[in-house]
Each structure stands twice: as C-alpha cells, then as structure tokens.
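The values are calculated or read from the model by the stated rules, or taken from the named source; none is laboratory data. Just so we're clear, the structure is a prediction, and the values are computed from it rather than from any experiment. Here the Cβ positions follow ideal geometry from the backbone for every residue, glycine too, while neighbour counts run over all protein chains shown. Quick note on the areas: whole protein, heavy atoms, side chains included, nothing else; ligands and nucleic acids left out. Shrake-Rupley method; radii C 1.70, N 1.55, O 1.52, S 1.80 Å.
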Amino acid sequence: KRAESAIQALPDDPNSHYFHAFNLGRYSQSISVIKALSQGIGGKIQTSLQNALELEPDYVDALLGLVWTYEHRYQVTDDTLYSDPMRRTLNRAYALDSLRASSNAVKGYAAYEYDNDADGAFRYLRRALELNPNDDLVYMLPGYYLLYLGLYEQAIPYIEKAVALDPQYFWSPYKLGW
C-alpha cells in the first residue's frame with residue numbers, strides 16, 4: 001500500500017514505480033514465484049518497471065529488475081519468448097553500468113544459462129565479486145553455476161553466503177534444500 005501511495009503521490013518519479021516493483025518482488029518471494037505469477041503479480045512488477053523506464057530510460061536498477069521478471073517467467077514457463085527481451089534488457093543495463101556488481105553477476109549468469117560460455121561466466125562472476133563482495137546476488141549466481149556444473153561442495157559456501165546476506169530471497173535457501 002505504501003508503494004501504491006508513492007505512485008499516487010509522485011506519479012512522475014521513476015523511483016516510486018521502482019519501489020512498487022521492488023516491494024511486489026519481495027512479496028512474490030515470500031509466497032513463491034509460481035504463486036505470484038499465477039496471481040498476476042509478475043505482470044504488475046513488469047508494468048511498474050516499464051513505467052519507471054518510461055520516466056527514466058537509463059534507470060539501471062529498473063532494467064535489471066526487468067531482466068529478472070523475464071528470467072523468472074522463462075524459468076517457470078520455459079517459453080523462449082522471454083529470453084530475447086531478457087538478453088536485450090541485460091545488454092542495455094550492462095552497457096549503461098558495466099562497473100555495477102549486479103550487472104556483471106547477471107551477465108555471468110546469462111553466459112552460462114544461455115550461451116554455455118564457461119569462460120565468460122567465470123570472468124563476469126569474478127568481476128562481480130571484486131566489485132561488491134557484500135551483494136547476495138554476486139554469491140548466489142556463482143553458486144548456482146557451480147551447482148549446474150555438478151560441483152556441489154564448491155557451490156555450497158557461495159549459496160550459504162548469499163543466504164546470510166539476504167535470507168529473504170527464495171531461491172538461495174531452496175537450492176540448499178532448506
């Protein structure tokens with residue numbers, strides 16, 4: 001409700017729309033991404049992010065949020081319709097801020113998830129850790145990549161660190177089987 005009030009009070013402020021999307025995203029994680037998508041929350045998040053981007057086209061946080069809306073939909077539906085906009089949006093966010101840890105982490109994720117590019121993935125993921133070692137995303141994504149490679153013992157410390165940094169994020173505890 002606070003986020004909706006912010007949009008009503010400040011409709012021309014991209015941050016009010018981003019704040020709305022962010023809060024809906026956190027709520028979605030608390031009920032499960034699948035339930036959130038079935039309730040139309042994913043569409044509301046996407047709309048809020050797109051509204052923020054209409055007001056501020058170079059808003060990197062909103063671009064990265066939009067990347068994750070496409071990615072979560074792709075992961076749940078396996079519909080490749082979402083992979084192309086995810087890649088375009090990610091490339092735009094990275095071009096705007098290649099020194100952001102989250103931009104590098106997500107580029108690394110895309111390198112292994114979509115391109116099967118181990119060298120590229122490790123390069124971006126290492127860079128993300130160098131840029132911000134206090135961001136759960138920069139631990140979560142290397143952990144996932146190591147899981148996908150079957151390197152379970154190496155993956156666990158990364159995912160445990162991601163959980164310690166952000167215990168509310170659904171996927172990290174799920175990957176650990178908690």
Study note, to complete from the structure: Sorted by accessible surface (1.4 Å probe, heavy atoms of the protein chains only), largest first, D117, D58, D12 come out as D12, D58, D117
Point to revise | the chain: most fluctuating residue of Y27, Y18, Y139 per GNM, C-alpha cutoff 10 Å | key: Y27
Revision key, fill the gap. Long-range amide H partners of S98, meaning residues 5 or more apart or on another chain whose placed amide H is closer than 5 Å, are none
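Mind checking the full-extension length gain between Y152 and L176? Use 0.36 nm per residue of separation minus the Cα-Cα distance, one decimal, nm.
7.7 nm
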Point to revise | Sites matching GluC sites (Glu not before Pro) across the range 89-178 that sit in DSSP coil, with at most 15 neighbouring C-beta atoms within 10 Å | key: none
Practice item. Taking just the C-alpha trace of the range 108-178, give me its Rg and Dmax in Å. Key: 11.3, 30
Check your understanding: Regarding the range 32-80, what is the average projected area of its C-alpha convex hull, in nm²?
Key -> 3.4 nm²
Practice item. Could you bin all the Cα-Cα distances of the chain into 5 Å bins starting at 0 and give me the percent of pairs in each, rounded to whole numbers? Key: 1, 9, 16, 20, 22, 18, 9, 3, 1, 0
Study note, to complete from the structure: Violations at 27 Å Cα threshold for listed pairs K1/K35; K1/K175; K1/K161; K107/K161 -> K1/K175; K1/K161
